[in-house]
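Peer 1: If you scroll down you'll find the structure; I have some questions about it.
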Amino acid sequence: MRNIPTTLKNKLSEKWQVQANDAQPNLRIVATQATSNTLISESIHENIPSDFGDVAIRQLPNELTPSKVYALCIDSGIAKVYERNLPADLDEPWVCIWTLGTAKDVAIEFNGEWQLDATNQWYVLITEETPYLFWLGSDNNLYVQKWDNASTKLTLDTGVSQISVCKGWRSSLIAGLDQGLIVGYLKSGKVYYRAYCYQDTGELIWEPSYEIIELGTGNNSVAVFRTNDFRIGFITENNGEMKWTLSHRNYAGMSFRPETVNAQVQNVFCQIELINEIISENTETVEATIENLYFIQYPTDTPALAVIQTDKIYVDSRYTSGFKILLDKPIYNFISTVTLNPALPTSSIVYSEEEQAIIINLTTNVLKSFEVNFTIAESRDVYYFRYQNQKHPLEALTAVSVGEVIAFYGYDESSASISIDSLQLVLVDAVFQYSFETETVEVAIEAVTLILVAVSSLPI
């Protein structure tokens, strides 16, 4: 009998170990066929006639990468919404989640805020939770709706033949510089658009319809796109020719990183005089810290924090339980001291972010006829934004609550009437001398005084 060499036994053992430990490598190849002009091709659904469709990618706050992608497709004339988780692979297929309804053309896009990615040095659209849906109905009307909330459905225009949607750029520093969520569309061969954007007042509205006259008439299709240099573009196909136009740039404060100033305190010298040296086993140290360091740089005409008005917290028509000092800018980390003159006992002094006011609650109610002066002490712990995003320490502020006249309405020309009934004459220790004459006595009352005792502050 021939012995098997040890090296051969080891090889046989390793072969069975790989299969038993599930360590044998496997390779799965997925191949898809696309046209020569397509970069990436992927099937959302199969065996369903498809006309038009659009996709939108979601990336929520605090997400490093997109988490979902949505598609709005027309299947045999019916608009349906599809969803897929990211990162996408064969184990995460597209899923139809709900049906929108009859449509001729569709588009889908997210609204959101542009944020500068600190690592990659470019802007990322941080989206809302759900997208906006746009579609052309069978009546050729252009509709928009926020996801599946039918109460938000709005008619943007009528007689429309084709649509395209894109999210534009918005300045992160200057209010009102917002290209908005833009829907471009064709109407009688002309190109129009409407934008859902912020106004100078901070209000978010759908602006009126505007025609892009540079693209003329006779257009067959339109597409809206966004450029990396902060523009919005419109491109059309007109009788076999391509036409396009670009908007102005909307890059105010966005094309470069925000400037910062790092301040450090160096070479700090601490001198201690008249040292009384005591030999001990302990080592003494002195630590110095600097808090609330501000770098202040702004135009000389930049307005400081100011008091808009002072309101009373009414209990009724006569009394107030406190005061509200309204400011023209919000403040942060409020721990400042407020002094009242005349001195009134307070139960609490707080700052309301919602009302943008310092609220002073009194221990007891006082008449609103009192005039009260307020002094708010300056503080480096409290700050506000005086110029753009630049912090500024709280300066000392003064305010006054003007006394209000309390009007008591009574009766004009009041009078009091006094009458004396059953007047009696009493003779004390009278001595009677009988005679033949008749004697008479006259009685007069003079200097009558009417005294009113105060029992209430109300009028008589």
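None of the figures in this text is laboratory data; all of them are computed from the coordinates on show. Nothing here was measured: the structure is a model prediction, and the numbers come from that model. Ideal geometry is used to build each Cβ from the backbone, glycine not excepted, and the neighbour counts take in all protein chains shown.
Peer 1: Over segment 307-401, what is the mean sequence separation of C-alpha contacts under 8 Å (at least six apart), divided by residue count, expressed as relative contact order in percent?
Peer 2: Numbers: 209 pairs, mean separation 29.6, N = 95.
About 31 percent, as a whole number.
Peer 1: If you add up the charges near Tyr319, with Lys and Arg at +1 and Asp and Glu at -1, over every other residue whose beta carbon is less than 12 angstrom from its beta carbon, what do you get? Please report the intermediate quantities before stating the final value.
Peer 2: Numbers: positive: Lys312, Arg318, Lys368; negative: Asp316, Glu404.
Computed value for this residue: +1.
Peer 1: Here's a follow-up. How high is the FRET efficiency between Asn239 and Asn262 when r is their beta carbon distance and R₀ equals 60 Å, given to the nearest 0.05? Walk me through the numbers before you get to the answer.
Peer 2: Details: r = 60 Å, r/R0 = 0.99.
The formula returns an efficiency of 0.50 here.
Peer 1: Hey, another quick one. Which aspartates and glutamates have a Cα less than 19 Å from the Cα of Lys329, not counting those fewer than 8 places away in the same chain?
Peer 2: Partners within reach: Asp200, Glu203, Asp301, Asp311, Glu353, Glu354, Glu355, Glu378, Asp381, Glu395.
Peer 1: Please give the direction-averaged projected area of the C-alpha convex hull for segment 305-412, in square nanometres with one decimal. Don't skip to the end; give the middle numbers.
Peer 2: Working: hull surface 31.0 nm².
Spelled out: convex hull of the Cα atoms, projected over all directions, averaged, 7.7 nm².
Peer 1: For a label point 7 Å from the Cα of Ala304 along Cα→C-beta, name the residues of segment 365-381 whose backbone N is under 16 Å from it.
Peer 2: Zone members listed by number: 375-381.
Peer 1: Taking other Cβ within 10 Å of each residue's Cβ, how do Cys96, Cys270 sort, fewest first? Walk me through the numbers before you get to the answer.
Peer 2: Details: Cys96 15, Cys270 6.
Least crowded to most crowded, the residues run Cys270, Cys96.
Peer 1: Once you have the Cα-Cα distance between Thr438 and Ile57, take 0.36 nm times their residue separation minus that, and quote the gain in nm to one decimal. Please list the in-between numbers first.
Peer 2: Working: separation 381, 0.36 × 381 = 137.16 nm, distance 12.66 nm.
Stretched fully, the Thr438-Ile57 segment lengthens by 124.5 nm.
Peer 1: Tell me, what is the percent relative contact order of segment 53-246, built from C-alpha pairs under 8 Å that lie six or more residues apart?
Peer 2: Numbers: 488 pairs, mean separation 23.2, N = 194.
This gives 12 percent for segment 53-246.
Peer 1: What length, rounded to one decimal in nm, is gained on full extension from Ala416 through to Gln390, with 0.36 nm per residue of separation minus their alpha-carbon distance?
Peer 2: This chain segment gains 2.3 nm when fully extended.
Peer 1: Still on this structure, I have one more. In nm, what is the difference between 0.36 nm times the number of residues separating Glu353 and Lys146 and their Cα-Cα distance?
Peer 2: On the way: separation 207, 0.36 × 207 = 74.52 nm, distance 2.96 nm.
Full extension of this stretch gives 71.6 nm more.
Peer 1: A further question on this structure: Which lysines, on any chain, are close to Lys187 with Cα under 18 Å apart, when same-chain ones fewer than 8 places away are left out?
Peer 2: Lys104, Lys243
Peer 1: Please give the peptides 224-231, 343-350, 193-200, 164-171 ranked by average Cβ packing (other Cβ atoms within 10 Å per residue), highest first, as a rough proxy for protection. Please report the intermediate quantities before stating the final value.
Peer 2: Working: 224-231: 15.5, 343-350: 12.0, 193-200: 17.8, 164-171: 22.2.
So the order, starting with the most tightly packed, is 164-171, 193-200, 224-231, 343-350.
Peer 1: More than 23 Å apart: what percent of Cα pairs in segment 53-246 qualify? Spell out each step's value before the answer.
Peer 2: On the way: 8671 of 18721 pairs.
Here the tail beyond 23 Å accounts for 46 percent of pairs.
Peer 1: Order these peptides, 302-308, 133-139, by their mean beta-carbon neighbour count within 10 angstrom, highest first. Each step should come with its number before you reach the end.
Peer 2: Working: 302-308: 13.3, 133-139: 19.7.
Highest to lowest by the protection proxy: 133-139, 302-308.
Peer 1: Please give the net charge around Gly137, taking every other residue with its beta carbon less than 11 angstrom from that of Gly137, where Lys and Arg add +1 and Asp and Glu add -1. Intermediate values should be presented prior to the final figure.
Peer 2: Values: positive: Lys104, Lys153; negative: Asp105, Asp139.
Here the charged neighbours net out to 0.
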